[in-house]
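All remarks here apply to the structure that follows.
Every number in this text was worked out from the coordinates using simple rules, so none of it is lab data. Source: prediction; values computed, not measured. Methodologically, a virtual Cβ is constructed for each residue, glycine included, from the backbone with ideal geometry; neighbour enumeration extends over all protein chains shown.
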Amino acid sequence: MTTAPYNYSYIFKYIIIGDMGVGKSCLLHQFTEKKFMADCPHTIGVEFGTRIMEVHGQKVKLQIWDTAGQERFRARDVTYEEAKQFAEENGETFRQAPSSRGENVEEAFLEAAKRIYQNIQDGSLDLNAAESGVQHKPAAPGTRLGAENPPAKEGCGC
């Protein structure tokens with residue numbers, strides 16, 4: 001019997017955006033390596049890291065992309081109060097995760113993963129939409145995503 005090449009059911013993709021030098025890479029490193037780095041080197045282009053977590057009994061691979069603070073990803077400056085109000089008005093959770101101290105980083109990513117998983121379960125997230133940022137049960141290497149694997153023939157190693 002062969003084991004599956006992946007030990008998770010979903011991939012959730014995140015993009016960390018913000019101005020240059022605000023701590024995006026520190027958040028990524030804190031979450032993926034479980035180590036706080038007070039002085040992360042500047043990102044050139046885009047980097048990413050991954051971590052597998054259990055969410056509601058399912059193993060989920062979180063793939064976090066760290067942008068370099070390029071103009072095309074630039075977000076407007078908002079105050080704490082504006083961000084909190086926006087979250088409340090849109091039914092989202094607001095949690096500070098200061099990169100300068102590494103606090104609440106784990107909780108922020110886990111909470112987001114739980115909400116994404118719940119959206120999958122209640123059908124409000126379309127897994128077939130490319131912009132969803134979610135993939136279900138990755139295919140084994142050499143197979144097409146979404147293609148059903150035919151059952152192995154009895155006595156055959158294929």
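Observations on the structure shown:
- For Thr50, Thr67, Thr79, the sequence from fewest to most other C-beta atoms within 10 Å is Thr79, Thr50, Thr67.
- For the residue pairs Lys59/Lys114; Lys34/Lys61; Lys24/Lys59; Lys35/Lys114; Lys59/Lys84, the C-alpha atoms sit more than 20 angstrom apart in Lys24/Lys59; Lys35/Lys114; Lys59/Lys84.
- Between Asn7 and Asn119, the contour length at 0.36 nm per residue exceeds the Cα-Cα span by 38.2 nm.
- Taking the Kirkwood radius as Rh and the Cα radius of gyration as Rg, segment 11-136 has a ratio of Rg/Rh equal to 0.95.
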